[in-house]
Structures are given as C-alpha cells and as structure tokens.
1. Cut-off 10 angstrom, C-alpha nodes, Gaussian network model of the chain. Which of ALA40, ALA320, ALA211 fluctuates the most?
2. Taking the chain as the reference, fit the longest principal axis to its C-alpha atoms, fit the long axis of helix 88-99 to the helix C-alpha atoms, and give the angle between the two in degrees, 0 to 90, nearest 10.
3. Scan around GLY74 for amide H atoms under 5 Å from its own, H built in the peptide plane at 1.01 Å from N, and keep only partners 5 or more places away or cross-chain.
4. To test your reading of the geometry: what angle, between 0 and 90 degrees and rounded to tens, separates the Cα axis of helix 6-16 from the longest principal axis of the chain?
5. For LEU377, what residues show an amide H to amide H distance below 5 Å, using hydrogens built from the backbone and excluding near sequence neighbours?
6. As a footprinting exposure proxy, order THR34, THR121, THR68 by other Cβ within 10 Å, with the fewest listed first.
7. Mind running the shape call on the stretch 99-151? Use the C-alpha gyration tensor, a ≥ b ≥ c as the square roots of the eigenvalues: rounded below 1.5 for a/c, prolate if a/b tops b/c, oblate otherwise.
8. Where a Cα-Cα gap under 21 Å defines reach, which lysines qualify for LYS237, not counting those fewer than 8 residues away within the same chain?
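Each reported figure results from applying straightforward, stated rules to the coordinates on display, with no laboratory input. None of these values were measured; they are calculated from a predicted model. Every residue, glycine as well, gets a Cβ built from its backbone with ideal geometry; the counts of neighbours run over all protein chains shown.
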Amino acid sequence: MRAASISDFRELARRRLPNIFFEYIDGGSYAEVTLKRNVADLEAIALRQRVMRDMTKLDMSVQTLGQTLKLPVGLAPVGMAGMYARRGETQAIRAAAGAGVPFCLSTVSVCSIEEVAATGTAPWFQLYMLKDRGYMRELLARAKAAGSPVLVFTVDLPLPGARYRDVRSGFTGGTPLQQMLTQLKDGIAHPAWTWDVALNGRPHTLGSVQAAATSGRRVTDFLSWIAQNFDRSVTWKDLDWVRESWDGPIVVKGVLDVDDARDAVRAGAQGLVVSNHGGRQLDGVLSAVAALPRIADAVGGDLEVYMDGGVRSGLDVLKALALGAKACFVGRAWAWALGADGQAGVARMLDILRAELAVAMILTGCANVRDAGRELLDRP
Ligand SMILES: Cc1cc2nc3c(=O)[nH]c(=O)nc-3n(C[C@H](O)[C@H](O)[C@H](O)COP(=O)(O)O)c2cc1C
C-alpha cells in the first residue's frame, strides 16, 4: 500500500513493526480518553470555506526563535525512534531538514545527540528533569556543543503515566526472560524489521544517557532507569538552574493550564508547547486543542505558543494556527511514518501535510499562515 494519508502510515507501521513498538507508539495512558479527545476535538472543528479569491501565492513559512520554518510544523520529541527504523533519529532528522522543519531529539533517543548532529543538522534538544543534576548539566553541555539551537524542557512527566498497552504487549512488566521471549517471537513475526533494526541497527542503547544508566544493557533497562530518575521536586525556580547551563531559547513543553502558562512567562521561557504528551500522561485532561485558545489569548503576546496532540493532517495544522499556535508539532505521525518506511516515509508524511495545508489555506482564503486567525473557523 502506498500511503496517501497519515492514518495509512499508522497501518503500514502496524504491519512492519513488532507489536511491542507499535503499541508503544500508538497507545496512551489509562483508558486513553485524552488521546481520543486530542484527535476528536480537532476533527470536530469546522473550517470556514471561502471561494473566489486569488490564491496563486501561498506562504507557509514562519519565523520563530531565530529559525525559519518552511512549514509551521515540527517533529516532536519521540523516545526510542532508533527502534522503529535503523538509526531512526538520523533518518528522521534528514527528512525534517529536507522539508525545512525542526526535529526535536528526545532525551531517550537511541542515537546520541552527537550522532544525530553528525548528519549536518543540529536538532532541537528535549530535556527531562532528572535527579542527577550533574548528569543533566553534562547533557546540556553536550547539546550546546552539538549546536542545538533550542532547548525543549518537558514538564509534564514527573513520573510516567500508566500505559496499559505496554503491559499487555509484554513491553513492560514481566520478568526479563518473559520480555526476551516476547521480543524474540515479535522479531520472528516481523523479519523486515529484524533485518533492518534488530540486526543492522545496533547499538540499541539510549545514546544520550547511556553513560548514566548502569542498571542494564537493554533499552527497557534504560527506560526503567529513567523512570526512577525523574525528579518530582521540580518547580519553576529550576528554570533558573537550567539557564545557568543553557544560554539559548527555552521552550517549556506540557502546559495545559492558563495559570501555568503565565508562570512559564514569569520564569522567562521563550516558548511553550500546549500539550498533554499526546494523551500519554494524565488521562481525562483537556485535549491540547481545547486548551490552546485560552493559553494563546493569555500569553501569546509574551512568548511563542506551539501545540501538539492529535494532529493527523494539514487541515489540523491550519486549525491549530487559527486558534493561536505559531506552529504545531507532530509525534505519532512521524513515528508511524518512520516505522513504515524510514527517512522516505517521514519525508512523504511531511509532503502530505504540506499538500493538505495548501488545500486548507486555499479554500479558507488564507494566503499566509502568519495571518491565520479564528475567522478561518466556522464556530470561532
Ligand atoms: C512513542 C512516543 C514517545 C514519546 N516520547 C517523548 C519523549 O521522549 N519526550 C517528550 O517530551 N515527549 C514524548 N512524547 C510526546 C510527544 O512529544 C508529543 O507531545 C505527542 O506525541 C503529541 O501527540 P501526537 O502523537 O498525537 O502528535 C512521545 C510520544 C510518543 C507517541
């Protein structure tokens, strides 16, 4: 099947990836209420069709934090992408660079920050606050040395939410022997992946944090090390601590409440991502797109407001911009595309988003994404 839409990449990834990784990408926390809301609330927004305007020239570019994005889209940090395709993060950043959009590297990536930067493009770097501050300082120094232009500081994961699908698939929980048997069976059932990733995509460690994780050698061991090391004591004051080691722009990711958004401004952040971690953390909270307009109204003049969660088409991108986002990030969309077809898949996924955004712009009479506002929506 040739992918025509982002949901096609989901289906292709389902066929190609071992079940444990497909479920890890696809799933959310608890009953997945918020995961469904992210998608459904975007779907429910009606664009306002306008016709008979000269739409010959479209401008999709945005300037943000000293960068020019050719599309108002970025690749959100997604952990363990090197398990979805061979050296997955390096493939994804090449596709992002080709499309002129930013790639944000997760703290828990398979490829290290240095390996990714060696592609010729430095990624935005996503940081989790870990208890081991010495190690965090080292990580920040490495990201700086690799040339990362923007730090994305994720604040909605003081501990990981319960993801039932990961337990059911055998990815987490169970004994090491049970996990190994599950992975072996899964690998045998997916020979293309086994050849590409399991055999030729090594090493399978968490590249940027492996030196700090001494508990084991498998990716799941590193993940449990990370889980034990999330720091729940973090407050806005810690942003000052981060700034001692980072003199570039800081984007706080995982804000859903207006009061927190105001705190982010007071703490001196240059941007924030309205996000519920793709419905993978506190289930039952608002969808990102429902939280977006009030946050954009409150702080949009003070810092850059981005959004992620549920974006599955270029039409969704325009809806998010109309509600106040400067740009939006996609998580699962690129993880599925990478799992389906590596760099070519991610490049095609971005082409699809671009083509869909063009149609949405032309038929709402919006020639320039920077002018997108609530007048593009039928129920503003
Ligand atoms: C498989 C997977 C892994 C993720 N890993 C991280 C991560 O390491 N750091 C982070 O800040 N967010 C992580 N996220 C959240 C994404 O950055 C983003 O907020 C979310 O995927 C957006 O929702 P969407 O998948 O509906 O686009 C992850 C999301 C997924 C699906």
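1. ALA211
2. With both axes taken from Cα atoms, the answer is about 20 degrees.
3. Long-range HN contacts for GLY74: CYS328, PHE329, VAL330.
4. It is inclined by approximately 10 degrees.
5. Long-range HN contacts for LEU377: ARG48.
6. By the 10 Å Cβ count, ascending, the order reads THR68, THR121, THR34.
7. prolate
8. Cα-Cα hits under 21 Å: LYS131, LYS253.
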